[in-house]
Amino acid sequence: MNSYEVNFDGLIGPTHNYGGLSHGNVASKTNALKIAYPKQAALQGLQKMQHLRSLGLQQGVLLPQQRPHLPTLRRLGFSGSDASMIRQAANSAPELLASCYSASCMWTANACTVSPSADSADGKVHFTAANLSSMFHRSIEHQSTSRLLAAMFADEQYFQHHEALPSGSHFGDEGAANHNRFAAQYGAPGVQLFVFGRYAFRANKLAPAKFPSRQTYEASQAISRLHKLSPERVVYAQQSPKIIDAGAFHNDVVSVSNLNTFFMHEEAFVNKAEMQRELQAKYGDDELHFIEVPTSAVSLESAVKSYLFNSQLVQLPGRQGMALILPQESRENAEVYAYLQSLEAADTPIQEIRFVDVRQSMQNGGGPACLRLRVALNENELAALNSEFLLTDERFHQLNAWVERHYRDEIVAADLSDPELAVECFTALDELTQLFSLGAFYEFQR
């Protein structure tokens, strides 16, 4: 039976702005409160999706969440009409208003962790929405994420959905941004690598000094249990505290995998050699390819600034080797581009280098890999997926036209206090649910 990796990209929402809300994310803090260009951001994201699809890959789309999220403001004591709550929050708690306006759900690598049916004891594809408890503006996402995934993957014969892990620091879960899988083919049994930043219930001998460790070992273990994975096919590895303090708040800032290949910075992990040995032992007789980028070739600063590793490593149909889909910033960094030229000429599984323009997302701290959630599906599971969420030429043109109709060209922090922006966003999202035949999906529609 044929199997595929389907990339589901987040459609960037109409409230895309630079709030500087993500502590530990260098780009987010650097560009805080600058002018954002939501229409340009959404069109860049759609063009990236269509480019991947044009290469022969299966491409899907995840919808933006309701923003501003007024139910959160109401839970926090604001009252009255929508416009009244927005004005109250703007006057007394602008940081809360900014959190409720954040379009961060576009980074769908954090939406959930996915385990394919080939790995799960019950033969189902498992989804666990990430609680994202380390950042308030993201911690309000998981309920909507779960609802959307359930609407997309609704057939209980093939798909199993789990609630987000308990909130709080002990089970901090950041989703697929800290998860890799290795397999000979997408439909073959694989080995899953869960990367964590800290232990929650035992002493942390190694911890970053500057920025928080968002993913816990205990959260990774819980997801492995929920997804019915065999311990003989799971590896846990700790991310280097030095890397986290350099701005790699998720592991996908310093590593990316596909099938039998792992592309990573040499300083990405604690006990790297031990992790590689365990991966190879559990993978079996076939060779895993570890492509390590030395610090002497690409510094940690350049790796984080260019998002070299926050790329998509993909197998293009009908071609030898793999392609690395990178942000334009990797081409513009002389150190990184020199390394990429040497990589393309080397004898590795990575045979092709391509660049995409996602600059609006990059300036807020998310590259090509942040924008996509990978889901391995066999042909029966692909057929059971709600096809409304698969990108087609028609859907691509529909979404471009929708963005052109509804998105502002620019947004600055002061615009968030304007109740009219909320009205514009809800009008746009109401039309979007009609395009996708979702019914009354958002809270404001009920």
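Need one word for the stretch 293-427: rounded, prolate or oblate. Basis is the Cα gyration tensor (sqrt eigenvalues a ≥ b ≥ c); a/c below 1.5 gives rounded, then a/b vs b/c decides. Taking the square roots of the gyration eigenvalues as a ≥ b ≥ c, the stretch 293-427 is oblate.
Summary value for the chain: 23 percent relative contact order, contacts being C-alpha pairs under 8 angstrom separated by 6+ residues. For the residues R331, R233, R408, a 1.4 Å probe over the protein chains yields an accessible-area ranking, largest first, of R331, R233, R408. For the chain, the ratio of Cα radius of gyration to the globular rule of thumb 2.2 N^0.38 Å stands at 0.93. The GluC sites (Glu not before Pro) of the stretch 92-183 that DSSP puts in a loop, and whose beta carbon has at most 11 other beta carbons within 10 Å, are E156. A Förster distance of 22 Å, applied to the separation of the beta-carbon atoms of D245 and S296, puts the FRET efficiency at 0.65. Considering only T348, C425, L373, the residue lying farthest towards the positive end of the dipole of the stretch 318-446 is T348, judged by Cα position with unit charges set on Cβ. Using the Cβ-Cβ distance between R446 and T30 with R0 set to 45 Å, the FRET efficiency works out to roughly 0.70. In the context of the full set of protein chains, the stretch 136-198 has a per residue accessible area of 38 Å² (1.4 Å probe). In this Cβ point-charge picture (+1 for Lys and Arg, -1 for Asp and Glu), the stretch 1-110 has a dipole of about 200 debye about its Cα centre.
In the complete set of protein chains, residue-level accessible area for D82 is approximately 70 Å², probe 1.4 angstrom.
Given +1 at the Cβ of Lys and Arg, -1 at the Cβ of Asp and Glu and no other charges, the dipole of the chain around its Cα centre is 900 debye to the nearest 20.
Result for the chain in a Gaussian network model with C-alpha springs under 10 Å: among T108, T145, T30, the largest mean-square fluctuation is at T30. Split the accessible area of the chain by element, probe 1.4 Å, and carbon with sulfur accounts for 48%. Quick one: Cα centre-to-centre distance for the stretch 43-94 and the stretch 103-138, in angstrom? The distance from the Cα centre of the stretch 43-94 to that of the stretch 103-138 comes to 18 Å. Build a GNM of the chain with springs between Cα atoms under 10 Å apart, and of A219, A297, A164 the one that fluctuates most is A297. Of G19, S144, N2, which is farthest along the charge dipole of the chain in the positive direction, counting Lys and Arg as +1 and Asp and Glu as -1 at C-beta? Of the listed residues, the answer is G19. Helical content alone sets the calculated 222 nm signal of the chain at -10000 deg cm²/dmol, taking -39,500 (n - 2.57) per DSSP H segment of four or more residues and averaging over every residue.
With every protein chain left in place and a probe of 1.4 Å, what is the accessible surface of E335, to the nearest 10 Å²? Rounded to the nearest 10, the figure is 70 Å². Answer rounded, prolate or oblate for the stretch 1-99, using the Cα gyration tensor with square roots of eigenvalues a ≥ b ≥ c: rounded when a/c is under 1.5, else prolate when a/b is larger than b/c, else oblate. In terms of gyration-tensor shape, prolate.
Using only alpha-carbon positions in the stretch 118-175, the gyration tensor eigenvalues give semi-axes of 23, 13, 7 Å once each is multiplied by 5 and square-rooted (largest first).
All C-alpha pair distances within the stretch 117-242, sorted into 10 Å bins from zero, spread as 13, 41, 35, 11, 1 percent across the bins. Taking the chain as a Gaussian network of alpha-carbon nodes connected by springs under 10 Å, the highest mean-square fluctuation of the residues Q280, Q58, Q434 belongs to Q434.
Over the stretch 46-106, accessible surface divided per residue gives 36 Å², non-protein components excluded, 1.4 Å probe. Normalised per residue, the accessible area of the stretch 282-344 is 43 Å², obtained with a 1.4 Å probe and no contribution from ligands, DNA or RNA.
The slack between A188 and V412, meaning 0.36 nm per residue of separation minus the straight C-alpha distance, is 75.9 nm. Here's the list of lysines a cross-link from K272 could span, going by alpha-carbon distance under 28 Å and ignoring same-chain residues fewer than 8 apart: K205, K210, K228, K242, K282, K305.
Estimated at 0.36 nm per residue, the fully extended path between A209 and H289 surpasses their Cα-Cα distance by 25.6 nm.
The values are calculated or read from the model by the stated rules, or taken from the named source; none is laboratory data. Predicted model, so just to flag it, every value in this text is computed and none were measured. Quick reminder, even Gly has a Cβ in these numbers, built from the backbone with ideal geometry, and neighbours come from all protein chains shown. Surface areas here come from the heavy atoms of the whole protein model, side chains and all, with no ligands, DNA or RNA. Shrake-Rupley method; radii C 1.70, N 1.55, O 1.52, S 1.80 Å.
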